[in-house]
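Presented below is the structure to which this report refers.
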Amino acid sequence: GQNIDQPTEMTATEGAIVQINCTYQTSGFNGLFWYQQHAGEAPTFLSYNVLDGLEEKGRFSSFLSRSKGYSYLLLKELQMKDSASYLCAVPEGTPLVFGKGTRLSVIA
Amino acid sequence: AAGVIQSPRHLIKEKRETATLKCYPIPRHDTVYWYQQGPGQDPQFLISFYEKMQSDKGSIPDRFSAQQFSDYHSELNMSSLELGDSALYFCASSAPGSGGREQYFGPGTRLTVT
């Protein structure tokens, strides 16, 4: 089975940088996903990491260390619209197992 | 670009009633996943279909059943509804050969059981 842990809530200031951590334990690793979810809306795909290292995509970057069972999502130049839940997920077969999500509040 | 379509978007039912949720995947996507997300919870995988056959089964109650049709749309049938079934139900689809990577989620159906 999969065990995923991420902080419940975080608060950051508009224009700042925030790092959301995720640790996981899996019976077999097949990549790690980050999704963004605004309240009452569908999760939207942000990133997929299967190899160690940093993947940058605009203001968002995702890092993976397979040996440490650790990933983080880095959000730069925070905007108010980035206030959302950020879900770390790993596949169990092909279905995704999600963490509880980190609710990020961006304040002025 | 076409996205995953779910209907209805909102549904209100009473206890012990039945409900049917529909999902239309992105064109040419062959795999459909159903997830249930309770209030303040993370999405929980229910069931998935690949090429019209059940491929994986998660925490789907026996009261629920699902199928994928020849046009790849899927339906989730829910019977003997309970208050605890109130949740957002998401359908996601993925493309052939993707191995489930980049699952695209529909907007969800909000089911309220009273």
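The values are calculated or read from the model by the stated rules, or taken from the named source; none is laboratory data. Just so you know, these numbers come straight off a predicted model, no measurement behind them. With ideal geometry, Cβ positions are generated from the backbone for all residues, glycine too; neighbour counts draw on all protein chains shown. For the accessible areas, the whole protein counts, side chains as well, though only heavy atoms, and no ligand, DNA or RNA atoms are used. Shrake-Rupley method; radii C 1.70, N 1.55, O 1.52, S 1.80 Å.
Of note:
- Some residue of region A:5-21 being part of a loop (DSSP other than H, G, I, E, B), within 14 Å of another protein chain (Cβ to nearest Cβ), surrounded by 13 or more Cβ atoms within 10 Å (Cβ to Cβ) and over 15 Å from the mean Cα position of the chain (by Cα): no
- In region B:1-10, the residues that are open to solvent by 60 Å² or more (accessible area, probe 1.4 Å), of a type outside the set (Lys, Arg) and not in a strand (DSSP E or B): B:Ala1, B:Ala2
- Screening B:Thr114 with (1) in contact (Cβ under 8 Å) with a residue 24 or more places away in the chain; (2) touching a Ser or Thr at 6+ places or on another chain (Cβ under 8 Å) gives one miss only, at (2).
- In region A:22-41, the qualifying residues are those that are aromatic (Phe, Trp, Tyr) and part of a strand (DSSP E or B), and the one that is most open to solvent (accessible area, probe 1.4 Å) is A:Tyr24.
- When region B:11-49 is filtered for residues that are open to solvent by 10 Å² or more (accessible area, probe 1.4 Å), part of a loop (DSSP other than H, G, I, E, B) and either of a type in the set (Phe, Trp, Tyr) or within 11 Å of chain A (Cβ to nearest Cβ) (or both), the ones remaining, listed by number, are B:Pro39, B:Gly40, B:Gln41.
- Where A:Thr26 falls short, out of the listed (1) within 14 Å of chain B (Cβ to nearest Cβ); (2) modelled with pLDDT under 95: (1)
- Residues that are closer than 19 Å to B:Thr114 by Cβ number at least 2 in the following strands (runs of 3 or more DSSP E) confined to region B:59-100: B:87-94.
- Checked against the criterion of being in contact with a strand residue (DSSP E or B) (Cβ under 8 Å, 6 or more places away or on another chain) and within 14 Å of chain A (Cβ to nearest Cβ), the candidates B:Ser86, B:Ser79 yield just one match: B:Ser86.
- Residue in region A:44-57 that is touching a residue at least 24 places away in the same chain (Cβ under 8 Å) and within 13 Å of another protein chain (Cβ to nearest Cβ) present: yes
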